[in-house]
1. In nm, what is the difference between 0.36 nm times the number of residues separating Glu240 and Glu208 and their Cα-Cα distance?
2. Could you give the length gained by full extension between Tyr125 and Ala171, i.e. 0.36 nm per residue of separation minus their alpha carbon distance, to one decimal place?
3. Out of every Cα pair in region 58-206, what percent are spaced more than 24 Å from each other?
4. Bin width 5 Å, origin at 0, all Cα-Cα pairs of the chain: what percent of pairs per bin?
5. What is the spin-label model distance, in nm, from Ala42 to Lys215 if the labels are put 7 Å beyond Cα along the C-beta direction?
6. Roughly what would the spin-label model give for Arg157 and Asn138, points 7 Å off Cα along C-beta, in nm?
7. Stretch Glu178-Glu104 to full length: gain in nm at 0.36 nm per residue minus the Cα-Cα span?
8. Report, for the chain, the % of DSSP beta bridges that are antiparallel, rounded to 5.
Amino acid sequence: MSDSATTPGSSVHQKIDTSVPHSARIWNYWLGGKDNYPVDEAAGDAYTAVFPGIVTIARSSRAFLRRNITHLVQEAGIRQFLDIGTGLPTADNTHEVAQRLAPEARIVYVDNDPMVLAHARALLYSTPEGKTSYVDANVLDHERILAVAAETLDFERPIALILSNILGHIADTGQARELVTKLVAALPSGSYLSINDGSLGVDPVFEEAQDGYNKSGAVPYNLRTVEEITAFFDGLDLIEPGVVSVPLWRPEAGAPEPQVIAEHGGLARKA
């Protein structure tokens, strides 16, 4: 992984390993995207053969993020977003949702996958009134993330920190909590934290499929209990309805009856 900034459009294709499945590309495949390789499709198909519900989880996760951002812009007045572990661009990316509602919104994406970097030009598209930028960094390198993000975001004004399906890539729960604590500590009062991740104790078939995925050669993704996910918000004020299965988080009016799935998340405010 690189610890230097990458310019959109630079030559990163040579670093893309097409022989090993990658979570960002598999997730893109489940969302209906085209930015993946046969090895990713094979891993994704093997997963869905055991647990077809993963497609619902992927799409429900994206819908949860969209509703979070809508709340943050329309009800909380947030205009700055730090999206860490953004993955490959698909539909309703953070900047698209935020700037559709508030053209002046500013967004910083963080990822270190070469294929994501190769598509950074799409992520960097912005309205004239706002700004979108990209940081090539490991999720654990919080000092670099914050330093580069400060070139785009004003850390004197509230910021929404988004950690969507990224903390599961940190095996040690204590290390993951420490990272969240350090990132939130750098945010000003009135900022928000949005987290959603795969959850344990809801669907044993999902857990079986995840175990198989973790043995495929891809970077493992670690499911956590609802209590462990909730603990990431310690010290913050959770927005109703708290940490819930993501379809239950403020479902849109007229939407089908939401079902409990093995993906939990929430949104909280820093006092």
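A short reminder: the numbers here are calculations on the coordinates, not readings from a lab. Everything numeric in this text was worked out from a predicted model, so none of it was measured. Positions of Cβ are generated from backbone atoms using ideal geometry, with glycine treated the same way; all protein chains shown enter the neighbour counts.
1. 8.4 nm
2. Length gained between Tyr125 and Ala171: 13.3 nm.
3. The calculated P(r) of region 58-206 puts 27 percent of pairs beyond 24 Å.
4. For the chain, the pair-distance distribution reads 1, 6, 13, 18, 20, 19, 13, 7, 2, 0.
5. Inter-label distance under the simple model: 1.7 nm.
6. According to this spin-label approximation, the distance is 3.3 nm.
7. The span from Glu178 to Glu104 would gain 23.4 nm if fully extended.
8. Around 35 percent of the beta bridges assigned by DSSP in the chain are antiparallel ones.
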